[in-house]
Amino acid sequence: LERTQWPAIVHKSRRDILQALTQLPNPRALIVDHVLGQGPSGGDPDIASPWQDWQQIACIVSALEHVLDWCEMTACDTGRSLLCWLYSSRPEFCCQNPFTPLAEDSSRKRY
């Protein structure tokens, strides 16, 4: 925490807004803004994230899922020597163990 200075960054931030930003909007309400919280004062309008932004994010995530699936299929058809090089942290060396994709569904969903 000290290296990232996270406490100083969020010190004066509204916790309700930060928490609302971690929640996904209702997928059934595709054309409704995602309300994050009440405005700064009592009569101020709600702070909302536009539904159009959420549609763009959903499109990007969907495209990224397809790219990652393609990468995984490519890795399954790649030779061991190249996978050992891919697993290494330095481009001029190869590891003894090859890179292997995550096998457990729970792990794959998390990442």
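Below, the figures for the structure above:
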item: The range 95-111, residues that are farther than 30 Å from ASP33 by Cα and loosely packed, with under 12 Cβ neighbours inside 10 Å; result: GLN96, ASN97, THR100, ALA103, GLU104, ASP105, SER106, SER107
item: Checklist (1) touching a Gly at 6+ places or on another chain (Cβ under 9 Å); (2) surrounded by fewer than 10 Cβ atoms within 10 Å (Cβ to Cβ) applied to ARG14, failing item; result: (2)
item: Residues (among the charged types (D, E, K, R) and not in a loop (DSSP other than H, G, I, E, B)) located in the range 1-53; result: ARG15, ASP16, ASP53
item: Test result for CYS84, outside the structural domain of LEU30 (by TED's automatic domain parsing), in a helix (DSSP H, G or I) and surrounded by 12 or more Cβ atoms within 10 Å (Cβ to Cβ); result: yes
item: Boolean, ALA103 is under 24 Å from the mean Cα position of the chain (by Cα), modelled with pLDDT under 85 and farther than 30 Å from PRO25 by Cβ; result: yes
item: Within the range 55-79, tally of residues that are closer than 30 Å to HIS34 by Cα and small (Gly, Ala, Ser); result: 3
item: Cross-chain or 6+ apart pairs with Cβ under 7 Å, the range 23-48 first and surrounded by fewer than 10 Cβ atoms within 10 Å (Cβ to Cβ), then modelled with pLDDT of 80 or more; result: ILE31/TRP51; PRO45/GLY39
item: Every residue from the range 57-81 that is in a helix (DSSP H, G or I) and of a type in the set (Ser, Thr, Tyr); result: SER62, THR74, SER81
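Listed here are the residues, each with its yes/no results for (1) surrounded by 10 or more Cβ atoms within 10 Å (Cβ to Cβ); (2) in contact with a helix residue (DSSP H, G or I) (Cβ under 9 Å, 6 or more places away or on another chain).
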{"position": "TRP51", "(1), (2)": "yes, no"}
{"position": "ILE57", "(1), (2)": "yes, no"}
{"position": "GLY79", "(1), (2)": "no, no"}
{"position": "PHE93", "(1), (2)": "no, yes"}
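The values are calculated or read from the model by the stated rules, or taken from the named source; none is laboratory data. This one's a predicted model, so the numbers in the text were calculated from it and none came from an experiment. As a convention, Cβ positions derive from the backbone with ideal geometry for all residues, glycine included, and neighbour counts pool all protein chains shown.
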